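Throughout, read-outs are computed from the coordinates displayed, never taken from laboratory work. This one's a predicted model, so the numbers in the text were calculated from it and none came from an experiment. So basically every Cβ, Gly included, is an ideal-geometry build from the backbone, and we count neighbours across all protein chains shown.
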């Protein structure tokens, strides 16, 4: 899909890109990258197979710590269950996080809790945003209480304050309300919130309740949050032609794409680069321009690039969903003396917008959300991933100044 290469090239103007492609498609992707012309930073195509294109969710969540020789990086491999069982075969997606880390020489911290990267957003100073609609959904971690989920987030990501929004975007049924479609940190103490003034729009009530929570909340540093409203476009819907180009993402008929059903379009679903923002657009000139202006004002130190990404949206996500930032740092060493006890208060999360990074991207040859064939793996291989790295001194890596970015691909049909 051409738009995925556009996103990769846009990010490569700000930072290097690692492009995860199905092994059978690597040469084709490399030729397309070369034919598109040079970029400021390289686009490195790696053979890593996926079932689907959402690297934000099935890829690693990078964490950092201060080691004896400087900053160290590891990748958290959360349990992945295809958004609560949205589709049947996700055997490749279960391996994506560890395989990306292996391709970069980065150790893996394996966690048993189900979590997708798009379901959380961090400010870099100890505060995490999420939604109850997603993390407390029984299709994720039915045996865990909200308090147990919080404890795992604090321990693994080094946060001391978790702000729970009740619900995500109205049409975001695939992910059960990922936070990266409704709200994100622009910087510590400042939150961008998807917004509509239209009281007849089902999203209005969701945005209002989120606003109430945010305005009443303090972050980990005790600051009252400032909220910037990022206006949504008018509701968008699948056309009959678009539905014909997609396969259902689930055998469950309720999850099938239908003409006239609403798209989960949100301008909050952007990627923060080193010195830049890559944001979605839909072709609604007035709404696109209005949203871009808000981001330019919110990120005056960054160049805002807007791409027309409706094709990505058809699969249920957007720019933030197909990307993952990789922070600067040497691969963490497996120490002889590990820390079995977690000290969340002593941990610090790297600030959003302040990493030194590289970008990871996913670029499918089929529409995101379209089921792809995948070879089967034994249970032993699925669980035989690194579990020996202590996480007590790690903190979540931030978006915006990483080592590089990562982008992923799904296998050909």
Zero-based 5 Å bins, Cα pair distances in the stretch 1-47, whole percents: 5, 25, 36, 26, 8, 1
Based only on other Cβ atoms within 10 Å, what is the fewest-to-most ordering of 273, 184? 184, 273
As a footprinting exposure proxy, order 237, 178 by other Cβ within 10 Å, with the fewest listed first. 237, 178
Enumerate the residues in the stretch 303-331 having an amide nitrogen under 20 Å from the point lying 7 Å beyond the Cα of residue 241 toward its Cβ. 308-316
